[in-house]
Amino acid sequence: MWRYVLPLAIFVGIAALFGVGLTINPNHVPSALLGKPVPTFSLPSVTDPDDLLSTQTLAGRVSLVNVWGTWCVECRHEHAFLVELARAGLPIYGLNVKDDRAAAIEWLSRLGDPYVTSGFDPDGIAAIEWGVTGAPETFLVGSDGTVLYKHISPLTRGVWERDFLPLLEEHCGPADCPFLAAVGGP
Amino acid sequence: MIPEFGQLALALALCLALVQGTVPIVGAALGRADWMALARPAAAGQFVFVAIAFGALEYAFLNDDFSVLFVAEHSNSALPVFYKATAAWGGHEGSMLLWIAVLAVWTMAVAAGSRSQPQEFASRVLGVLGIVSAGVIAFAFITSNPFTRLIPAPADGNDLNPLLQDPGMIFHPPTLYVGYVGMAVPFAFAVAALLTGRLDKDWARWTRPWTVVAWLFLTVGITLGSWWAYYELGWGGWWFWDPVENSSFMPWLMATALIHSLAVTERRGIFKSWTVLLAIAAFSLSLLGTFLTRAGVLISVHAFASDPTRGLFILGLLAIFSGGSLLLFALRARNFEAEGGFKLVSREAFLLANNILLVVAAGLVLFGTLAPLIVEAIGLGKISVGPPYFNLVFLVPAVPLVALIGVGMHTAWRTMPGDALLRRVRVPAIVAVAIGVVAPFVFFDAASVLTVLAVSIALWVCASSLLDPVRRLVQRTGAPLTRGQVGMCLAHFGVGVFMLGATVTSAYNFERDFAARPGDRIEAGGYEFVFNGVRSVPGPNFVADEGEFELRDEGELLAVLKPQVRVYQVQQQPMTEAAIDSTVLRDVFVALGEPLGDNAWSVRLRVKPLIGLLWLGSGLMALGGLVAVTDRRYRVAVRKTEHATAQPAPGAA
């Protein structure tokens, strides 16, 4: 008897799993950092070890901090859109995590470099400070240096328009964010 | 106006699908012949309106109607017309419409092919297909409408993803879809059997050819995808175990199990509830696969719920289709009585082993694909499961599975003395192992135990597949092989060929990346490469850097290879177009990397021995399926059908 019911039971288990999966909205994973100042960190740049990316670099203007690595397939997926945003004038900083420097430089020269600076974090130390769970992840950092938003998974145009733009419009006007119109804002 | 007509047609198709999905099934339960007779006209009407909707979308693409959001997102006025037509399935919404269109074609085929079957049964089959169609059309209509307008219309479109601007990508999705969606047919047959409460050998004979046709399209579709990934992604790999590939591979494994289980049910009247279960599982995994690949549900774990409405809808559909049929299974399957038994050494036993191993393989792939989700759901954080897991774990069921083919196909039904079986398979086994041990050392100077084992098994399957056809040709005694038997031998020979290719390619792959300047001569992988530099080549909607390499063997020019790196103008995405020189024995694969400055370019070079056998082996499997469905016993069924249609169908008037 039970063997005829077993397939249904297995299916219900898998369906329940999907149900739970649906409630985990990966685009809205709460970050402990939300609304708090960006963590203290300091990293050498990927392209120039003498150049530093640190907490101070981020102060003073609205920017994106994007976690990436050449090992991350989904990063490849979002890269073109990041380049587009950077071209529009939005400052993007990179956190290059658990990567090989030569590979990272090769990636940037081949696919285009959307980053003002990319911090080189081979051991993922700064990533821990940032509460990074994987790549790609993208933080929106306000001009006062607080984390406004965190997005996990590739940054697509849809995500950008739905989640990032409203926050951007809220936190900066055309005066301090001249790129606003170019990235889809009013 | 045309897109609105398309939308209207889709709405009408939905209405007809609802009629097709309810009235005939209720009619069958009540014994109303007139209600049952509604199944075929409703299916035909649905087909017409789906065709109009698909035509409307194609019209919008071919006429650059960028006021349609889906067209604006996936096409561009500079796109070659061929790609405009195929961009219709270059994104989620259009793919759903393609899915619906393919189902409509399958439904028409079933409507035509089921006239010899009892009306009560055929109308239930068509009814189930109607329910499936209604569910998917509703999904498209509510969450993924391809006809949504974009006002004001942009001046030009966003262009088709350059990855998809390739002939391989044009034929890959439709072929795969014909396979995926085709799994709805055995599913409908299974559910109809559950509804009827009867399942006999005739049922298996009706179901089997549909399953084989769907399976062979799935085989070709997966192969095209693998081939495309091989030359377009520029990494030289052919299988990556990513969720998208897995979700086409799992239904394939299930369908393969189903074909073998159907063979037992057709021949011996046993494995009945198991066969039904496999039919349900194969379709459920196809559904899951379609949505995982195209709906953006599981591009990565991260993207699982990128659109919660879609996700919820899909879950609802799965609950109705899979949950509903499994509930029916729980209530009804015990009515299916086995019509006999079998001994330990018998073809049934080997086919049972085949089924278990295939299901285990599918289960392991499913587990690996869903593991990140499971881990996240129980709050243990995030993990990723990659090729190391799959490569290792898949071999565990796959190696014995292939090894058993060589014995299984020479075993008699019901029972067979062990020593008689041993005598039959002895010669090919000895020959295969002898070659398998010696050949790797002769051709490649080195071999691991696993390589020797895999090569031996592959050769053994090849040899034992040829055993019966060759014996019949040489001895000219006994009954000629049926098409079904020839198809089986061909397909199994294909499995051996595939395994040989996969083993040798993986074990003796030569890889080197290096920097090259114009005029450089590079010795690598037993060949000489002369780099003649890179020039810029314009394309219709891209600009390419094209390298030129002379491939030489001891000075003799074998080929001039011209790999490209293309930058597509709209999306500004660089794409690798590898250049490949193929012969029967090996591929030489050259991909251009990036400029390193000072005229130097990074170059990726691969020599892949016997990789052609992968495509050849898969092709032989599909060809075997094609030969098998033309077997006499299915044609007899068709002839009966023609006979039956000559008379007025009862209740049709």
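Computed from the mean reciprocal separation of all distinct C-alpha pairs, what Kirkwood hydrodynamic radius does the protein assembly as shown have, in Å? Let's see the in-between values first.
Working: mean 1/r = 0.0341 Å⁻¹.
Across the protein assembly as shown, the inverse of the average 1/r is 29.3 Å.
Across all directions, the average projected area of the convex hull around the alpha carbons of region A:1-158 is 11.6 nm². Its Cα centre serving as origin, chain A has a Cβ charge dipole (Lys and Arg +1, Asp and Glu -1) of approximately 660 debye. Evaluated over the Cα positions of chain B, the convex hull gives a direction-averaged projected area, one quarter of its surface, of 32.9 nm². Cα convex hull, region B:166-414: 140 Å³ per residue, rounded to a whole number.
When the Cα gyration tensor is reduced to axis lengths a ≥ b ≥ c, the ratio a/c is 1.5 or higher for region B:1-163, and with a/b above b/c it is classed as prolate. When every Cα-Cα distance of region B:12-85 is counted in 5 angstrom steps from zero, the calculated P(r) takes the values 3, 17, 18, 12, 10, 9, 9, 7, 7, 5, 2, 0 percent.
Rounded to the nearest 0.05, the FRET efficiency derived from the C-beta distance between residue B:434 and residue B:375 at R0 = 51 Å is 0.65.
Reported to the nearest whole Å, the Cα centre-to-centre distance from region B:482-539 to region A:113-171 is 41. Its DSSP H runs of at least 4 residues, each contributing -39,500 (n - 2.57), put the calculated 222 nm mean residue ellipticity of chain B at -21500 deg cm²/dmol, to the nearest 500. Look at where the Cα atoms of region B:143-176 and of region B:185-223 average out, and the two centres are 32 Å apart. Rounded to 0.05, the FRET efficiency of the residue B:44 and residue B:202 pair, given R0 = 35 Å and the Cβ-Cβ distance, is 0.85.
Within region B:601-634, name every residue whose backbone N is under 13 Å away from a label modeled 7 Å from Cα of residue B:515 along the Cβ vector. Counting backbone N atoms under 13 Å from the label point, the list is B:601-603. Counting lysine pairs in chain B that sit 8 or more residues apart in sequence, or on different chains, and whose Cα atoms lie under 21 Å apart gives 5. Simple rule: put +1 on each Lys or Arg Cβ and -1 on each Asp or Glu Cβ in region B:510-612, find the dipole, and look at B:514, B:565, B:542; the Cα lying farthest toward the positive end is B:542.
Of B:53, B:41, B:163, which is farthest on the positive side of the dipole of region B:36-179, counting Cα position, with +1 on Lys and Arg Cβ, -1 on Asp and Glu Cβ, and the Cα centre as origin? Of B:53, B:41, B:163, it is B:41. In a simple Cβ point-charge model (Lys, Arg +1; Asp, Glu -1; nothing else charged), region B:556-617 has a dipole of about 160 debye relative to its Cα centre.
Projecting the Cα atoms of B:438, B:86, B:530 onto the charge dipole of the protein assembly as shown, computed from C-beta unit charges around the Cα centre, puts B:438 farthest toward the positive end.
Report the relative contact order of region B:510-612, percent, no decimals, based on alpha-carbon pairs under 8 angstrom and at least 6 residues apart. So the answer I get is 24 percent. Annotation: amide H of residue A:118 within the under-5 Å range of A:46, A:47, A:94, sequence separation 5 or more or interchain, hydrogens built in the peptide plane. Rounded to the nearest whole Hz, the Karplus-based 3J(HN,Hα) values (6.51 cos²θ - 1.76 cosθ + 1.60, θ = phi - 60°) of region B:192-202 follow the sequence 4, 5, 5, 5, 6, x, 10, 8, 10, 5, 4, with x at glycine and proline.
With +1 assigned to the C-beta of every Lys and Arg and -1 to the C-beta of every Asp and Glu, and no other charges, what is the dipole magnitude of region B:166-414 about the Cα centre in debye, to the nearest 20? Display every interim value, and only then the final one.
Working: 15 positive and 12 negative charges, 168 e Å.
Result for region B:166-414 is approximately 800 debye, rounded to the nearest 20.
Note on region B:510-612: Kirkwood radius taken over Cα pairs, Stokes-Einstein applied at 10 °C and 1.306 mPa s, translational D equal to 114 µm² s⁻¹.
Read-outs throughout are calculated quantities, based only on the coordinates presented, and are distinct from any laboratory measurement. All of these numbers come straight from a predicted model, not from anything done at the bench. All Cβ positions, even for glycine, are placed from backbone atoms using ideal geometry, and neighbour counts span all protein chains on display.
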